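Asker: Below is one structure. I have some questions about it.
Derivation of every value follows stated rules applied to the coordinates shown; laboratory data play no part. All figures in this text were calculated on a predicted structure; none of them were measured in a lab. Cβ atoms come from the backbone with ideal geometry, glycine included; neighbour counts cover every protein chain shown.
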Amino acid sequence: MSAAQIGDIFWVTITAVHLLLITGTFVPIIAAGFRGSRAYDRLFDSAAFQSSALQDAELTLVKQDFARMRPTITRWINRAAQLRRFHMYALLWIALNAILIPFLLTTVGRSHVIVQRLAIVMLLHMIVLLVANTLLSMRAWFQAYTNAEARYSECAARILERPESMGTPADRVQHYLVQVRQIAPIHHDM
């Protein structure tokens, strides 16, 4: 086996490892969308309901609303986690590729075809990440999801911990439900 063939095998291996790393570091982004509702459960455990100053009828309505909102809140939390992870993934790979491409081309040289192809793959990956992160407004979507979840959590905490802040006993649950409907429809289709 000649030195050129060994060099080709080496660079094909480096390219394969690079593609595996790109794919392997993308998997947690996809997995974040399927985490379930553990974060939601931590927000609204049964202790919050047991210590609430609400009457039984009011508490029943609030529990029903929590059950209705569970899929939406879970989706907001999971999407926010996905977007945050994608943003970090994009920053990591843009920085690594920006460092590695000039290093590869100056150290190995432009005459090596496999190195050129690796550099092209790295450059295309950078471009896709820049476009996705910028044009899809990942940061704005992340902020929208986290803000919606925070607004809902604050509203739910108010009704459970300080129900008097939501109005009189006759209308506080209705006031809470109106506030929740103002939060949820805005972000429900995200």
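Asker: Counting only other residues whose beta carbon sits under 12 Å from that of CYS155, what net charge do I get with K and R as +1, D and E as -1? Present the calculation step by step, with values, prior to reporting the outcome.
Answerer: Details: positive: ARG151, ARG158, ARG162, ARG172, ARG181; negative: ASP65, GLU149, GLU154, GLU161.
Summing Lys and Arg as +1 and Asp and Glu as -1 gives +1.
Asker: Which parts of segment 156-179 would a label at GLN55 reach, counting a residue when its backbone N lies under 19 Å from a point 7 Å out along Cα-to-Cβ?
Answerer: Of the residues in segment 156-179, 159-178 have backbone N under 19 Å from the label point off GLN55.
Asker: Could you tell me what % of all Cα pairs in segment 3-187 have separations over 21 Å? Present the calculation step by step, with values, prior to reporting the outcome.
Answerer: Details: 10554 of 17020 pairs.
Beyond 21 Å sits 62 percent of the P(r) for segment 3-187.
Asker: Suppose each label sits 7 Å from its Cα in the direction of the beta carbon; what would the ARG117-ALA67 distance come out to in nanometres?
Answerer: 5.8
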